[in-house]
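All remarks here apply to the structure that follows.
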Ligand code: FPP
């Protein structure tokens, strides 16, 4: 039985979407790569590779719709617990992805960003991300934001540490601390909060992703594995978002 928050699998075209009520920020948990591979008798890393190949398509679709920010959960602080070979494979994806896709992303005026801890990432992972950020820094279209070595609780703790330090050194008065001020201590500083969160693969949870930022996000889930997630699925999620009445605690 399908729940209201789940994909109905109905076909949606971009032309059917309301061009005005487009989510400013869409966050995606790209889950199910391993199961996608298993279904085909392939090693798990083949699923990650196929998942990587899906990123550009969804990013370009988001860009064409006028989404301002697309944040993709590419590697969590908890993913280090995976087998060494799998972690090493994931760490090599940026050096394949960016040379392959950067021209198309540039042509779509996409700006690359990253949230997460640079510390702990190997140089061969970080360097291509930084080069892509540099190359696209003057682009003014979609912000394609990779959450890489990212965890929301750690982000919030770091934010609190920095905020307390500012209180102690006298640059921040405690009675000035409100939601906007605190948001400025997070890695998403300056970005709007996600309006919509999509998770693929049938798992119905948030998994330490943008916990503060998603306080009022609309959540949408699909059973499809990330490598199978199409632009039509993306449009279906946006169409469902557009049918929802956002009340932010009001009536
Ligand atoms: C979760 O699926 C997916 C990941 C941990 C990795 C996602 C990364 C990509 C799709 C590529 C990102 C691209 C770049 C350029 C960094 P899972 O392995 O948990 O799947 P399972 O639940 O079926 O095992």
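The numbers here are math on the coordinates, done by the rules we state, and not lab data. Small disclaimer: the values here were computed from a predicted structure and weren't measured. Cβ: placed from backbone, ideal geometry, glycine included. Neighbour counts: every protein chain shown.
Worth a mention:
- Kirkwood-Stokes translational diffusion coefficient of segment 88-198, alpha-carbon pairs, 10 °C, 1.306 mPa s, µm²/s: 100 µm²/s
- Gaussian network model of the chain, springs between alpha carbon atoms under 10 Å - residue of 198, 29, 160 with greatest fluctuation: 160
- Prolate/oblate/rounded label for segment 35-158 (Cα gyration tensor, a/c 1.5): oblate
- Likely footprinting exposure, 180, 18, fewest C-beta neighbours within 10 Å first: 180, 18
- Proxy reagent accessibility, fewest Cβ within 10 Å first, across 57, 11, 224: 11, 57, 224
- Rel. contact order, % - alpha carbon contacts under 8 angstrom, at least six apart, segment 196-251: 41 percent
- Top of 187, 142, 163 by mean-square fluctuation, Gaussian network on the chain, Cα under 10 Å: 163
- Relative intensity of segment 20-82 on a log10 scale, I(q)/I(0) at q = 0.15, 0.23 Å⁻¹, equals -0.56, -0.97, per a Debye sum over C-alpha point scatterers of equal strength in the absence of solvent.
- Hull-based mean projected area of the chain, where the convex hull spans the alpha carbons, in square nanometres: 15.4 nm²
- Contact order relative to length of the chain, as percent, for alpha carbon pairs under 8 angstrom and 6 or more apart: 31 percent
- Note on segment 1-54 and segment 187-251: Cα centroid distance 11 Å, given to the nearest whole angstrom.
- Largest GNM mean-square fluctuation across 85, 193, 175, computed for the chain with C-alpha springs under 10 Å, falls on 175.
- Relative contact order for segment 1-148: 26 percent, from Cα pairs under 8 Å spaced at least 6 residues apart, divided by residue count.
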